[in-house]
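The values are calculated or read from the model by the stated rules, or taken from the named source; none is laboratory data. Just so it is clear, the structure is predicted and the values come from calculations on it, not from any experiment. Glycine also receives a Cβ, built like all others from the backbone with ideal geometry; neighbour counts cover every protein chain displayed.
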Amino acid sequence: MAFTMFKNEKKLPLNELTLQLEEGGSKRSLPALHEKWSEPRVFTRYVPFPFKAGMVEEGPALEQWISETGWFIKDLQWLLGLEHFRFWSTMVHNAGAIETVISFTQTAIPYYLAGVVRGAASVYPLYSEAHRLVIQVICRLVTQKESEQCWIGKEFLGNLLYRHYLVSVPLLVELLPVYGCAENKPLLTRLLQTVFKLQPKYVQDLRVALKYLQETFKTIQRQIETDRIEGQVANAASLNDLAVYTLDCSTTLALLVELYPDCRPLCSELGLEQSVSGFYDNTLVLLYKNVFTMDNDSPYLTYLNAARRDLLAAFRAIVQVQMDRVRNGPNALEPADKFLCILTECLSEPIFVRDYQRHYPVAEDLDELKRTVSGLDHFKLDFVASAYCGEENGAGLTNGHVSSESDQEEEEAARIEEVPTVPEAEMTPEQKAEANVRKVLDVLPHLGDGYVRKLLQRYGDDPEQVVAAILEGNLPPDLAEADPSEPYIPPDQKERFFVETGIERLNIYDGDELDVLTRDTVRGVIKRGKGMPGQARNLREMLDDKSHVREMKTRTRYQEYQIVCDEYDDEYDDSFDAMADSESRKIRLTAEMRNALVDEEEEEADNNDEEEDESEFRPSKKPLDFCENPEVVRARYEEKRRSKQQARGGGGGAPSGSSGGAAAAGGGGGGGPDRDVVGKAKGQGQERAVLQNRKHKNENKAARGNHNRKQGATFKRNKGMIPS
């Protein structure tokens, strides 16, 4: 394949330019962007260098990385050295070209870890060269015009980048933490603005990316909360990975809203402010606490502090969209109300509110709204001002008046007189610690509460020594390298409960005034088991309790009744006597019912007489004997047995003194039914009654004879006839 020298005398764009291709002795015209101009080269992908415990790991793995990175750099240099039409043909028709660029952006270390590379002499030159070449390739991709003859149409370039995935939103997002240092921010700003201007379709992809970032915050929060609920103790490695991942997400969001301000309204539409504040207060603080528990000198604590600053900066940039609309928009009331609503919804995150107020002037924003917006709800404005700018979170909201020194001294003296002081002997340890922190902050207000508490803990809670050490600059190395603006993260009540009791519970009532597991004495009555506190626990204690006897002996109740009886006087009794039944009926009934009433009274009198006669002749019921006569018992059982035998048809036995011959002649006696089962001789036929008797005997033979011994023995044992 050969072609004549590249010429573009008409200065046509790449999408309209054609070139002459000489192949096999013939010439033909091909578009400048064609597969024939693509180079069939196999590109080397970038692999991360061996990194362990914050240091570059020496050994064979590092030597292999040096070799592969050298080939990676050569491929990028060759790609940048191609002519304009060959470069674009290769990028479009050779997928390996863009894949090698993406391999670097996905695995390169972020800018805040670049210090690790600078300390390795064998790694830093190669990495910095690869770092420079990758951004050059991406910048060439978004460059519309390289020279008068080498350029491409704007609309065609936007469609080409978007359709062939040469530049995508994930690629742009991955560039932010890799090239996000201060010297690269102007370059990234121009790059982002150019891409979104070339192809507006990237805006929808950016919306999807922001939603994914919201879900990422929720995923981190769910992972930490799940480990805590299930009682799993995360190891230091997993916590450190979460810390780096959190910083990566926070840095990406902060850089995106800083370098591309046009995405801020999109973040506001998605409600990213609430996601940031919730993640800051519920997840980031807990993650910081877990890492600090594992190692209070861990370098990952610095990463989490950086993540906190990035989240605060991102929140500030997003909410400033409403303030910009207030300043520049025709209708300032709606964005002002939206701004107050965002701040009000964030009040449920107290740690975020406190840190945000300390880093950014919320009071100035509220004062500006108060001065510029008419018709604003001042009740809501005052509420937000008191919540953010109160004494707990920072300075109060000012009205622009600068008071004199004498006025300030008088106000301070009046404020001190109004606040009651608590004696040091009555202070709790937490109150003493807070008082010492206030003393240090009065002298050095720029320090953070957490940093001051560390100093006080090191210097034995002596504020004077802390102030002297800071002013003289002779702090210990670990405290000198710590973050002076570190805030104080209060301990979790649930974790303290677990340390004290060894029981991990997740309940909103843990540690309250009725929690018997953490308090020796609680208010109210706590039932444990049956009964009430103070009552007898069993029957023996109840019978042994003679308190009612002592109460009766005091006779206080009888004395109370005696007083009542002494005060009673029948002369002052105004109660009415019940009228007789006949009188009440005469009063209630009318004259027409009197005859019926007389008849009814006569019938009642007759009935009463009959009842009296019957009661005279009715024998009185004898009282029960203490012990029943045995003779009567035997007679009753004998009568019952005889009646049972007669019912069965057997010889019940005549009472003593009667003749036994009649019973013997009867063949069964007793006057029972005929149970003949013998019948006539065989062959003469049997009567119907004999057949029925045989059937009855066969069906009921289990109730007598040798077939019911167990039932009979049980009956005798229950009656006491057999010793058991």
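Somewhere in the stretch 87-109, is a residue modelled with pLDDT of 90 or more and more than 23 Å from Tyr165 (Cα to Cα)?
Residues of the stretch 87-109 modelled with pLDDT of 90 or more: 87-109.
Next, from what is left, pick out any that are more than 23 Å from Tyr165 (Cα to Cα): 109.
Checked the stretch 87-109: at least one residue is modelled with pLDDT of 90 or more and more than 23 Å from Tyr165 (Cα to Cα).
Just to check your reading of the model, which residue among Arg163, Arg86 is under 45 Å from the mean Cα position of the chain (by Cα) and either within 27 Å of Leu17 (Cβ to Cβ) or not aliphatic (A, V, I, L, M) (or both)? Break it down into steps so the answer makes sense when it comes.
Values: Arg86 fails: under 45 Å from the mean Cα position of the chain (by Cα).
Result of the check over Arg163, Arg86: Arg163.
Taking the condition more than 30 Å from Leu113 (Cα to Cα) and either without any contact (Cβ under 8 Å) to a residue 40 or more places away in the chain or of a type in the set (Val, Ile, Thr) (or both), does Val47 pass? No: the conditions fail for Val47.
Please tell me if Val117 is touching a strand residue (DSSP E or B) at 6+ places or on another chain (Cβ under 9 Å), buried (at least 16 other Cβ atoms within 10 Å of the Cβ) and assigned to a helix (DSSP H, G or I). Lay out the reasoning, then the answer.
Working: touching a strand residue (DSSP E or B) at 6+ places or on another chain (Cβ under 9 Å): yes; buried (at least 16 other Cβ atoms within 10 Å of the Cβ): yes; assigned to a helix (DSSP H, G or I): yes.
Spelling it out, Val117 is indeed touching a strand residue (DSSP E or B) at 6+ places or on another chain (Cβ under 9 Å), buried (at least 16 other Cβ atoms within 10 Å of the Cβ) and assigned to a helix (DSSP H, G or I).
Does Thr100 satisfy the criteria of being of a type outside the set (A, V, I, L, M, F, W, C), in contact (Cβ under 8 Å) with a residue 24 or more places away in the chain and in contact with a Lys or Arg (Cβ under 6 Å, 6 or more places away or on another chain)? Yes. Checked against the criteria, Ser268 does not count as of a type in the set (Gly, Ala, Ser), within 16 Å of Thr283 (Cα to Cα) and at pLDDT below 95. Answer yes or no: is there a residue in the stretch 166-173 that is more than 22 Å from Asp248 (Cα to Cα) and in the same structural domain as Pro50 (by TED's automatic domain parsing). Yes, the stretch 166-173 contains at least one residue that is more than 22 Å from Asp248 (Cα to Cα) and in the same structural domain as Pro50 (by TED's automatic domain parsing). Annotation note: of Ser656, Ser643, the sole residue that is within 30 Å of Met721 (Cα to Cα), out of contact with any Asp or Glu (no Cβ under 6 Å at 6 or more places or on another chain), at pLDDT 85 or above and of a type in the set (Gly, Ala, Ser) is Ser643. Ser374 meets each of the listed conditions (1) over 24 Å from Val257 (Cα atoms); (2) in a helix (DSSP H, G or I); (3) not aromatic (Phe, Trp, Tyr) apart from (2). Checking each residue in the stretch 334-349 for being in a helix (DSSP H, G or I) and either within 20 Å of Leu312 (Cβ to Cβ) or among the small types (Gly, Ala, Ser) (or both) picks out Ala336, Lys338, Phe339, Leu340, Cys341, Ile342, Leu343, Thr344, Glu345, Cys346, Leu347, Ser348. Hey, does the stretch 323-342 have a residue that's under 27 Å from Asp483 (Cα atoms) and in contact (Cβ under 8 Å) with a residue 60 or more places away in the chain? Within the stretch 323-342, none of the residues are under 27 Å from Asp483 (Cα atoms) and in contact (Cβ under 8 Å) with a residue 60 or more places away in the chain.
Among the residues of the stretch 64-80, at least one is out of contact with any His (no Cβ under 6 Å at 6 or more places or on another chain), farther than 23 Å from Leu157 by Cβ, part of a helix (DSSP H, G or I) and among the small types (Gly, Ala, Ser).
Note on the stretch 44-100: residues that are farther than 30 Å from Asn8 by Cα and polar (S, T, N, Q) total 5. Within the stretch 6-36, being assigned to a loop (DSSP other than H, G, I, E, B) and either of a type in the set (Gly, Ala, Ser) or on the phi > 0 side of the Ramachandran plot (or both) holds for Lys11, Gly24, Gly25, Ala32. Do you know which of the residues in the stretch 381-398 that are surrounded by fewer than 15 Cβ atoms within 10 Å (Cβ to Cβ) and either of a type in the set (A, V, I, L, M) or at pLDDT 80 or above (or both) is nearest to Leu447 (Cα to Cα)? Filtering the stretch 381-398 for residues that are surrounded by fewer than 15 Cβ atoms within 10 Å (Cβ to Cβ) and either of a type in the set (A, V, I, L, M) or at pLDDT 80 or above (or both), the one nearest to Leu447 (Cα to Cα) comes out as Ala395. Of all residues in the stretch 286-334, which are of a type in the set (Phe, Trp, Tyr) and more than 20 Å from Leu255 (Cβ to Cβ)? Tyr288, Phe292, Tyr300, listed by residue number.
Can you go through Leu471, Leu475 and tell me which one is at pLDDT below 80 and either assigned to a helix (DSSP H, G or I) or surrounded by 14 or more Cβ atoms within 10 Å (Cβ to Cβ) (or both)? First the steps, then the outcome.
Values: Leu475 fails: at pLDDT below 80.
One residue alone meets the criteria, Leu471.
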